[in-house]
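Heads up: the structure comes next, in structure tokens.
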Amino acid sequence: MPHIEMDEIHWGPNWTPRLLDMIRVYWRLLRRTLKRIMGREVLFSGNRESFRLLFLSRDSLLWYEIQNYARRRRKFKTLFVANMISSPSRHFLSMASEESYQLCLT
């Protein structure tokens, strides 16, 4: 059966994340957070995101993502493969984008 190897799309040599994939994640995070800041959107427990928290804080979500992206990608890849092996009768999907996820739901 013809197929595209997902690892080839998302990973470079020595399991380094492909730059374009990382840029997409950071851009999506930045865009979502800026939308919440500008709209003063209330999150859980009355919390709001702010420019200070995004750019100047040690607890910045953007900084956290930059530091942990590659490690989390490896961890989720390992879990995904382990689940495929342990449950061969199940079908697993890996979504490459928000658009593919939305198409799957409709």
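The values are calculated or read from the model by the stated rules, or taken from the named source; none is laboratory data. Quick caveat, the model's predicted, so the values are computed rather than measured. All Cβ positions, glycine included, derive from the backbone under ideal geometry; neighbour counts span all protein chains shown.
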Residue in segment 64-85 that is surrounded by the fewest Cβ atoms within 10 Å (Cβ to Cβ), counting only those that are touching a Phe, Trp or Tyr at 6+ places or on another chain (Cβ under 7 Å) and without any contact (Cβ under 8 Å) to a residue 24 or more places away in the chain | Asn83
Give Arg40, Arg31, Arg36, Arg52 a once-over and let me know the one that is among the charged types (D, E, K, R), modelled with pLDDT of 85 or more and at positive phi.
-> Arg40
State which residue is modelled with the lowest pLDDT when the search covers only segment 87-102 and only residues that are surrounded by 10 or more Cβ atoms within 10 Å (Cβ to Cβ) and part of a helix (DSSP H, G or I).
-> Tyr101
Top-ranked residue in segment 18-48 [being under 28 Å from Arg74 (Cα atoms) and among the charged types (D, E, K, R); ranked as surrounded by the most Cβ atoms within 10 Å (Cβ to Cβ)] = Asp21
Among the residues of segment 44-64, which ones are under 15 Å from Arg32 (Cβ atoms) and among the aliphatic types (A, V, I, L, M)?
-> Leu53, Leu54, Leu61, Leu62
Out of curiosity, is Met6 surrounded by 12 or more Cβ atoms within 10 Å (Cβ to Cβ), modelled with pLDDT under 80 and out of contact with any Pro (no Cβ under 9 Å at 6 or more places or on another chain)?
-> yes
Can you pull out the residues in segment 27-69 that are part of a loop (DSSP other than H, G, I, E, B) and of a type outside the set (D, E, K, R)?
-> Gly39, Val42, Leu43, Asn47, Ser50, Ser57, Ser60
